[in-house]
1. What number of residues within the range 223-240 are closer than 15 Å to residue 193 by Cα and basic (Lys, Arg)?
2. Would you call residue 158 modelled with pLDDT under 95 and surrounded by fewer than 17 Cβ atoms within 10 Å (Cβ to Cβ)?
3. Looking at 129, 123, 134, which one is at pLDDT below 95, within 22 Å of residue 77 (Cα to Cα) and within 15 Å of the ligand (Cβ to nearest atom)?
4. Taking the range 24-33 only, how many residues are closer than 12 Å to residue 11 by Cβ and away from the ligand (no atom under 14 Å from the Cβ)?
5. Any idea how many residues of the range 79-105 are among the charged types (D, E, K, R) and more than 11 Å from the ligand (Cβ to nearest atom)?
6. Can you list residue pairs whose Cβ atoms sit under 8 Å apart, with the first residue in the range 127-141 being over 17 Å from residue 231 (Cβ atoms) and the second being loosely packed, with under 15 Cβ neighbours inside 10 Å and polar (S, T, N, Q)? Count only pairs 6 or more apart in sequence or on different chains.
7. Out of the residues in the range 34-43 meeting the condition of being more than 8 Å from the ligand (Cβ to nearest atom) and closer than 17 Å to residue 61 by Cα, tell me which one is surrounded by the fewest Cβ atoms within 10 Å (Cβ to Cβ).
8. Taking only pairs six or more apart or across chains, which ones have beta-carbon atoms under 9 Å, a first residue in the range 150-179 that is outside the structural domain of residue 22 (by TED's automatic domain parsing), and a second residue that is modelled with pLDDT under 95 and surrounded by 14 or more Cβ atoms within 10 Å (Cβ to Cβ)?
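The values are calculated or read from the model by the stated rules, or taken from the named source; none is laboratory data. Just so we're clear, the structure is a prediction, and the values are computed from it rather than from any experiment. Virtual Cβ from ideal backbone geometry, glycine too; neighbours counted across all protein chains shown.
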Amino acid sequence: MSDVIVKNISIIGVGLIGGSFALALKNAKVVETVFGWDANHENLTLAEQLGIIDRAGPSLTDAVKDADVVLLAVPVGSMQAVARSVLAHMKSGSILTDTGSVKQTVVGSLEPLAIESDVLFVGGHPISGTERSGAAAAFKELYQDKRCILTPTPNTNSTALAIVERLWCAVGSEVVKMDVVKHDRILAAISHLPHMIAYSLVNSVSCYDRYPENILDFSAGGFRDFTRIASSDPVMWRDIALTNRESLLEMITQFEQFLAELKQDIDRGDMERLFTFFQQSKISRDAILHPDPKEH
Ligand SMILES: NC(=O)c1ccc[n+]([C@@H]2O[C@H](COP(=O)([O-])OP(=O)(O)OC[C@H]3O[C@@H](n4cnc5c(N)ncnc54)[C@H](O)[C@@H]3O)[C@@H](O)[C@H]2O)c1
């Protein structure tokens, strides 16, 4: 294999994100052996049966001791504890990276631990996903034509950064580099706030009790499209909400202000303001799907 980037990679947390990365790397033939470990043994066995990983454990130590790169794809709230266990068994000079959806907390806690262990740390976050979880949800095309944000710091080793970048490019992603604070603010707006709104919407509609029927049975395209992400894993979203607290609260406050204005305009029957509000939103939303070619 001439295009191999690293010989051995270990995926800790072989779910949607870790499993899809493993499948895509194998498909691109840029790694020789994929080791895997997962706290859920049934999921780990399934990942091996599905050919997502070549070797499961049999222990966390076995899964990481020969790895050139270890990728952590566990919930954000478990990252630090898992990193401690993993770093105790990693080779000196090897690379630790992660996929956590929040970067300030994760990079802030993992980087010093890695430095202590003589391991090179690179923070990362693929901007792709689905509402599904576990190895069964993994698929090799997940990262194709998507972005992956890497969050180097002044301590980041440039060779390690280049290797992690090559791995993400090999699975079809465009790599963007960004500092952790900017990352967390942008993701609070574009991903974390929409999840909070989708969860709240489903809960508020399902609590509507004016009629005996479950009114969710009447939901069609619009409600289902809008709330798809409310089927996402609750542990993952609890951890994201708590670790990106400050940026998320800022976005929730801004959203509340918009909703309050909308409520007031509906209450007052202000046709002009309502029209402008909906029109501005339509223009912004349409531009995501059909960006102005002059701007490129
Ligand atoms: N799902 C998304 O859309 C998405 C997108 C980008 C990044 N992420 C991030 O990637 C990470 C993984 O998300 P996912 O969607 O693959 O979740 P997932 O639930 O599909 O997979 C996580 C896996 O980690 C395992 N796990 C949990 N705790 C563990 C521990 N202590 N030790 C070992 N394994 C453990 C679980 O058993 C599970 O198999 C999270 O940090 C998430 O924030 C998710």
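1. Of the residues in that region, 2 qualify.
2. Working: modelled with pLDDT under 95: no; surrounded by fewer than 17 Cβ atoms within 10 Å (Cβ to Cβ): yes.
No; evaluated as a whole, the condition is false for this residue.
3. Values: 123 fails: at pLDDT below 95; 134 fails: at pLDDT below 95.
Answer to the check: 129.
4. Let us first name the residues in the range 24-33 that are closer than 12 Å to residue 11 by Cβ, namely 24-26, 31, 33.
Restricting the remaining residues to those that are away from the ligand (no atom under 14 Å from the Cβ) gives 25-26, 31, 33.
Residues in the range 24-33 being closer than 12 Å to residue 11 by Cβ and away from the ligand (no atom under 14 Å from the Cβ): 4 in total.
5. Of the residues in the range 79-105, the ones among the charged types (D, E, K, R) are 84, 91, 98, 103.
Still in the list and also more than 11 Å from the ligand (Cβ to nearest atom): 91.
Of the residues in the range 79-105, 1 are among the charged types (D, E, K, R) and more than 11 Å from the ligand (Cβ to nearest atom).
6. Note: pairs meeting the criteria are 140/27.
7. The initial filter retains those residues of the range 34-43 that are more than 8 Å from the ligand (Cβ to nearest atom), namely 34-36, 41-42.
Among the residues that remain, those that are also closer than 17 Å to residue 61 by Cα are: 34-36, 41.
Working: 34: 25, 35: 23, 36: 27, 41: 10.
The extreme case among them is 41.
8. Hits for this filter: zero, empty list.
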